[in-house]
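Okay, structure first, notes after.
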Amino acid sequence: MSKPVYVLGGPNLNLLGSREPEIYGRDTLEDIHQRLRTLAGSTPLELRQTNHEGELVTWIQEASASGSALILNAAAYTHTSIAIHDALKACNIPVIEVHLSNPAARDSFRQVNYVSPAVKATIAGLGAYGYELALMAAKSLTGQEET
């Protein structure tokens, strides 16, 4: 069996669907996870969300050791966490950063990004569909594409 693709989410993503839907959309995190399960086919997934920075760092380290790829939406920690940056720099699997909105087009404090310099690719501004694109890319990068 192949190693799983980890899909990790940071703070407040558990509120998707109700928190600022004009920015983040109406899909819940479970809606996104269900679409990813369907799209994954035979590729195993580890789907997790936390509001705690240290837990996210631990999961990034676990993904590096046990996963084939990592899809990460660090949410607000994108703009604040050097610890997440350092964990990503130590990651030895492809990492794809996802943002539902386009942080570069939003508040000035969202212009700081500690995640992007440490990842393979970034998908931003495409809403929930960005996760699906990230999974397709992860499968391609790890040779798990189904023909």
- Checked L72, L56, L47 against criteria (in contact with a helix residue (DSSP H, G or I) (Cβ under 6 Å, 6 or more places away or on another chain) and of a type outside the set (D, E)); the one match is L47
- Query: So I71 fits all but one of (1) touching a strand residue (DSSP E or B) at 6+ places or on another chain (Cβ under 7 Å); (2) at positive phi; what number is the exception?
  - Reply: (2)
- Go through the residues of the range 116-127 one by one and say whether even a single one is at pLDDT below 95, within 21 Å of H33 (Cα to Cα), assigned to a loop (DSSP other than H, G, I, E, B) and out of contact with any strand residue (DSSP E or B) (no Cβ under 8 Å at 6 or more places or on another chain). yes
- Query: Condition test on A63, is it touching a Pro at 6+ places or on another chain (Cβ under 7 Å) and surrounded by 13 or more Cβ atoms within 10 Å (Cβ to Cβ)?
  - Reply: no
- Just give me the residues in the range 83-103 being under 29 Å from E22 (Cα atoms) and surrounded by fewer than 15 Cβ atoms within 10 Å (Cβ to Cβ), in sequence order. N102
- Message: Could you tell me how many of the residues in the range 31-52 are of a type in the set (D, E) and over 14 Å from the mean Cα position of the chain (by Cα)?
- Response: 1
- Task: Quick one: which strands (runs of 3 or more DSSP E) lie wholly within the range 1-91 and hold at least 3 residues that are basic (K, R) and closer than 24 Å to P117 by Cα?
- Result: none
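The values are calculated or read from the model by the stated rules, or taken from the named source; none is laboratory data. If you're wondering where the values come from, they're calculated on a predicted model, not measured in any experiment. When we count neighbours, we look across all protein chains shown, and the Cβ atoms used for this are built from the backbone with ideal geometry, even at glycine.
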